[in-house]
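The values are calculated or read from the model by the stated rules, or taken from the named source; none is laboratory data. In this text the structure is predicted, and so the values were computed from the model without any measurement. Note that each Cβ is placed from the backbone with ideal geometry, even for glycine, and that neighbours are counted across all protein chains shown.
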Amino acid sequence: MSDKTIEFIEKGRRLDGRKLDELRPIKIEVGVLKRANGSCYMESGGNKVMAAVYGPREVHPRRMEDATKAIVRCRYNMASFSVEDRKRPGPDRRSVEISKVSREAIEPIIIKEHFPRSAIDIFIEILQADAGTRTAGINAASVALADAGIPMRGLVSACATGKVGGHIVLDLMKEEDNYGEADVPIAMDVQNDKVTLLQMDGRLTQDEFKQALELARKGCKEIYEMQRQALIAKYTV
Amino acid sequence: MSEDIISEIKKDYICALVEKGEREDGRAFDQYRDISIENGVVNKAEGSAYVKIGGTKVLVGIKIQPGEPFPDTQDKGVIITNVELSPLASPTFEDGAPREDAIELARVVDRGIRESGALELSKLCIEEGVKVWMVFIDVQVIDYDGNLIDAASLGAISALLDAKLPNERYELGKDVPVLVSDLPVAVTAVKIGEKFILDPNLDEEQAASTKLTVISNKDGGLAGMQKSGADTLSPDEIYHIVEMACKTAKDMRKKFLE
């Protein structure tokens, strides 16, 4: 977070013309990959994200097996060309952390007990990055899981809220993420009103955090509806 | 943390206790184990802190040396945080490249220091675009008995308070204390059944389904958060934890950092 001064909000509108509580445009395509058991391509603002699900399948290495339930693995990866300055290929510390929290955001909704001794692998590739890649990745992965026919308690929907220019806003864009005061990525099981991912960096008072979480709840609901519609469109004959 | 071994019977016992409002070691839900901090324990380091929370022990050392700034922040110093889960600290820690637990831990400790504004990075510039101070915060876990995040975070800020800029060694004048502008404190709550307890010991940590770390500042505001673990939290549960964490952080700050 930097101290560079930009007017983020003028007359209730943001740099890209959005209202404070407005999401960027979202596009969801279900079942776009041939080899994966389930897949989803998603655009949200300038983010372009592909998610694939393989499994339930055999666990390799074998020692990772769980005799009582499936294990869930997740790999979040950024393409080297997805960002301004080329990113060195392969996992860095940031993507290791995001892989972990993304897995933990998705795991609670998967009914793992149905598939003992098997693995459900989730692969998230960020092809183009524009702030909010982890939440876009989780949204895509959740749809890909449904597309793979994995039994789930619901869908996970994710969005970030944050504070820019003194205002709590929904779905930060790049400039807001870089120069804003705080960033709060959140994922929720919307149907059950449970939070599965929560991170925060920057500075917020307790009251502002409450506002941010309430706004994320609203954002997640809207995303949930879009995910649902995309799945219905794909599977209605 | 790592995949540890805890028997089902032990887990059930801990969960049943918590359900009744009790803990194995008789603590209240929001009560920490005994905490002690010793500063200046490593004289080769610019600052250090040996933190014990119950059976958990971590040693944090600060090394500071001049280096090149990042291309996008030419006038700012650099913070680099690393955590070593040394195999001496637990039978489940292995040698080799840091795994996701160690990386997450380091990134959460880093987040606390960075986002709280504890270090004013612009004050760590020596010559814009050429030379800035690089502050290395290295956390060595010595004994793992749960709640590493809080121990490591407390160690990091305490070691920074103990640290000096080594101007003399690099012929930049006299050594001066590192300017610390805020005192972030991380407080972690774990979920056991439907209840929340602070400062879990190892068994409690392994019986827990998820945890939430809340980092708060001197002014009572929030500087960082991290949910870790594959279980859900309701918004009300989150508000409850945030409130409990901020209150506890205030007491800890007063007792150990001010």
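Beta carbons closer than 7 Å, at least 6 apart along the sequence or on distinct chains, pair a first residue in segment B:218-230 that is facing another protein chain (nearest Cβ under 7 Å) with a second that is surrounded by fewer than 19 Cβ atoms within 10 Å (Cβ to Cβ) and outside any strand (DSSP E or B) for B:G221/A:T205; B:L222/A:Q206; B:G229/B:S209.
If you go through segment A:2-32, how many residues are touching a Ser or Thr at 6+ places or on another chain (Cβ under 9 Å) and modelled with pLDDT under 95? Residues meeting the conditions: 2.
Results for (1) at pLDDT 95 or above; (2) surrounded by 19 or more Cβ atoms within 10 Å (Cβ to Cβ); (3) of a type in the set (S, T, N, Q), shown as yes or no for each residue.
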site	(1), (2), (3)
B:I5	no, no, no
B:E8	no, no, no
B:Y32	yes, no, no
B:I35	yes, no, no
B:I53	yes, yes, no
B:L59	yes, yes, no
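Taken together, the residues in segment A:76-108 that are free of Cβ contacts under 8 Å to residues at least 12 places away in the same chain and touching a Lys or Arg at 6+ places or on another chain (Cβ under 7 Å) amount to 3.
Evaluation of B:E205 against the conditions (1) over 25 Å from B:K10 (Cβ atoms); (2) more than 12 Å from every other protein chain (Cβ to nearest Cβ) shows that the sole unmet condition is (1).
In this structure, A:F81 does not satisfy being more than 14 Å from chain B (Cβ to nearest Cβ), aromatic (F, W, Y) and within 25 Å of A:L231 (Cα to Cα).
Evaluation of B:D182 against the conditions (1) free of Cβ contacts under 8 Å to residues at least 24 places away in the same chain; (2) surrounded by fewer than 24 Cβ atoms within 10 Å (Cβ to Cβ) shows that the sole unmet condition is (1). Scanning segment A:184-207 for residues that are touching a Leu at 6+ places or on another chain (Cβ under 6 Å) and more than 7 Å from chain B (Cβ to nearest Cβ) returns A:I186, A:A187. The one condition from (1) more than 8 Å from chain B (Cβ to nearest Cβ); (2) closer than 22 Å to B:A245 by Cα; (3) basic (K, R) that A:K218 does not meet is (2). Of all residues assigned to segment B:34-48, at least one qualifies as being under 24 Å from B:I192 (Cβ atoms) and either of a type in the set (D, E, K, R) or not in a strand (DSSP E or B) (or both). Of everything in segment B:118-136 that is buried (at least 17 other Cβ atoms within 10 Å of the Cβ) and within 14 Å of another protein chain (Cβ to nearest Cβ), the residue that is nearest to B:N217 (Cα to Cα) is B:A118.
Restricting the search to strands (runs of 3 or more DSSP E) fully inside segment B:142-245 and requiring at least 3 residues that are farther than 24 Å from A:A105 by Cα and of a type in the set (K, R) gives an empty result.
Go through segment A:188-200 and report how many residues are of a type in the set (D, E) and more than 17 Å from the chain's Cα centre (by Cα).
0
Just to verify a result, which residue in segment A:156-208, among those that are acidic (D, E) and under 18 Å from A:E43 (Cβ atoms), is surrounded by the most Cβ atoms within 10 Å (Cβ to Cβ)? Going through the qualifying residues, I end up with A:D171.
Cβ separations smaller than 7 Å between residues 6+ apart or across chains give the following pairs from segment A:1-14 residues that are within 30 Å of B:G112 (Cβ to Cβ) and within 14 Å of chain B (Cβ to nearest Cβ) to residues that are modelled with pLDDT of 90 or more and assigned to a loop (DSSP other than H, G, I, E, B): A:M1/A:G180; A:M1/A:E181. The set of residues in segment B:88-117 being exposed (fewer than 14 other Cβ atoms within 10 Å of the Cβ) and either within 13 Å of another protein chain (Cβ to nearest Cβ) or small (G, A, S) (or both) consists of B:G96, B:A97. Evaluate segment B:135-147: report whether one residue or more is within 16 Å of B:R111 (Cβ to Cβ) and in contact with a Phe, Trp or Tyr (Cβ under 9 Å, 6 or more places away or on another chain). Taking every residue of segment B:135-147 in turn, none turns out to be within 16 Å of B:R111 (Cβ to Cβ) and in contact with a Phe, Trp or Tyr (Cβ under 9 Å, 6 or more places away or on another chain). Residue count for segment B:185-194 under the criterion of being buried (at least 24 other Cβ atoms within 10 Å of the Cβ) and of a type in the set (G, A, S): the result is 2. Looking only at segment A:91-121, residues that are surrounded by 24 or more Cβ atoms within 10 Å (Cβ to Cβ) and more than 13 Å from every other protein chain (Cβ to nearest Cβ) come to 0 in all.
I'd like to know if segment A:128-149 contains one or more residues that are part of a strand (DSSP E or B), small (G, A, S) and modelled with pLDDT of 95 or more. No, that holds for no residue. Among the residues of segment A:56-75, the one identified as within 27 Å of A:N178 (Cβ to Cβ) and in contact with a Lys or Arg (Cβ under 8 Å, 6 or more places away or on another chain) is A:C74. Go through the residues of segment A:106-122 one by one and say whether even a single one is touching a Cys at 6+ places or on another chain (Cβ under 9 Å), within 17 Å of B:T210 (Cα to Cα) and not β-branched (V, I, T). Yes.
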